[in-house]
Amino acid sequence: MDEKNLENKNDLFGFASFDKYESEHIAAPQYSYWKSVWRTFVKNKFTVAVAILMLVLVLFALIQPSISGYDPLIAPNVNNSEMRFIKPCAEHIFGTDNLGNEVFDVVWAGARNSIIISFVCTFITMFIGVVVGAIWGFSKSMDKWMLEIYNIVSNVPFLLLAMILSYVLGAGMGTLIFVMCVTEWVFVAFFIRTQVMIIRDREYNLASKCLGTSTWTMIKNNILPYLISVIMTYVSRMIPSLISYEVFLSYMGLGLGVTKASLGRMISIYTSYMNGYPHLFWIPVTVLAVLSISLYIVGQRLADAADPRTHM
């Protein structure tokens, strides 16, 4: 019996192995920032539905004008009174306008130009503003003259500057993009400068500075990743506002000119027909509102999802 019990004990106990690298193993699950951002974003089903609607509208606005072949300089039915002012129906989804053009084609051609201009302006403005603002927040010598530039720009009326530049440079998409970017990047840079100044003197940044880390490395590795959600919040407000700027400038006659379709010029022209044919006015306004609101909602939700504090 003693030998049998000894054999059973040997089966139950054994020498434990030792691995010196096992202590370095982290038992916590692997964390991926962007996967966590995606999971947080898709939790809200309403936001997902709005995002799908936004993608459908944007893609349709970018593709449909190429298929329709609409040209704002050609009025196909200007001499045919029967094809003008047709109300929305199965054959003419959005009806026709005072020239006999399909309002459906005109709206999406204008929406495409508004989307392209707003996205290009946002990219240029944010790129310049974030880079300049990040350096501005660290550089005391740069802070003096950049504040003077900001004070001057912030006191110049945007509409007055847009009118002067439009008359000098002439109407066109390039001019409009330049007009919308020439001062907007200064406000982005000032906003980023303020955010950088809030976190630049935290302990880990002071430690990096004491270890001899360069300013640009600190900005790239210690500052900008922390500001991702802040930057996305700013972008979510900028894109709809730039669409509104484009529409307003075109409405005032300072936009793309007659060679390009524009929601602003449509609204300006169709306002005079609002009493008899209200659909001409409300259709482009509705498309503009749905685009702007959906872009804002999706951008805000992405900004919230990009905040690491929401990943807990």
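Values in this text are rule-based calculations from the coordinates and carry no lab data. Predicted model, so just to flag it, every value in this text is computed and none were measured. Because the Cβ atoms are built from the backbone with ideal geometry, glycine has one as well, and the counts that use them run over all protein chains shown.
Remarks
- The mean sequence separation of alpha-carbon pairs under 8 Å and at least six residues apart, normalised by the residue count of segment 89-244, gives a relative contact order of 33 percent.
- Whole-angstrom Cα spans of the chain along principal axes, big to small: 114, 62, 28
- Take every Cα pair under 8 Å whose residues are at least 6 apart in sequence, average their separation, divide by the length of the chain, and the relative contact order is 24 percent.
- Value of Rg/Rh across segment 77-142 [Cα atoms, Kirkwood radius]: 1.47
- Cross-link pairs Lys43/Lys87; Lys87/Lys260; Lys144/Lys260; Lys35/Lys220 - those with Cα-Cα distance over 31 Å: Lys43/Lys87; Lys144/Lys260
- Each Lys and Arg Cβ is given +1 and each Asp and Glu Cβ -1; about its Cα centre, the chain then shows a dipole of about 660 debye.
- Between 0 and 90°, nearest 10: helix 33-42 axis offset from the chain longest Cα axis: 50 degrees
- The angle between the Cα long axis of helix 45-68 and the longest principal axis of the Cα atoms of the chain comes to about 40 degrees, rounded to the nearest 10.
- Shape of segment 112-156, Cα gyration tensor, a/c cut at 1.5: oblate
- Placing unit charges on the Cβ atoms of the charged side chains and taking the dipole of segment 149-228 about its Cα centre, the candidate lying farthest along the positive direction among Met218, Met180, Val153 is Met218.
- Per-peptide packing, taken as the mean over residues of other Cβ atoms within 10 Å, places 117-129, 145-157 in the sequence 117-129, 145-157 from highest down.
- Anisotropy class of segment 159-273 from Cα gyration tensor, a/c 1.5 cut: prolate
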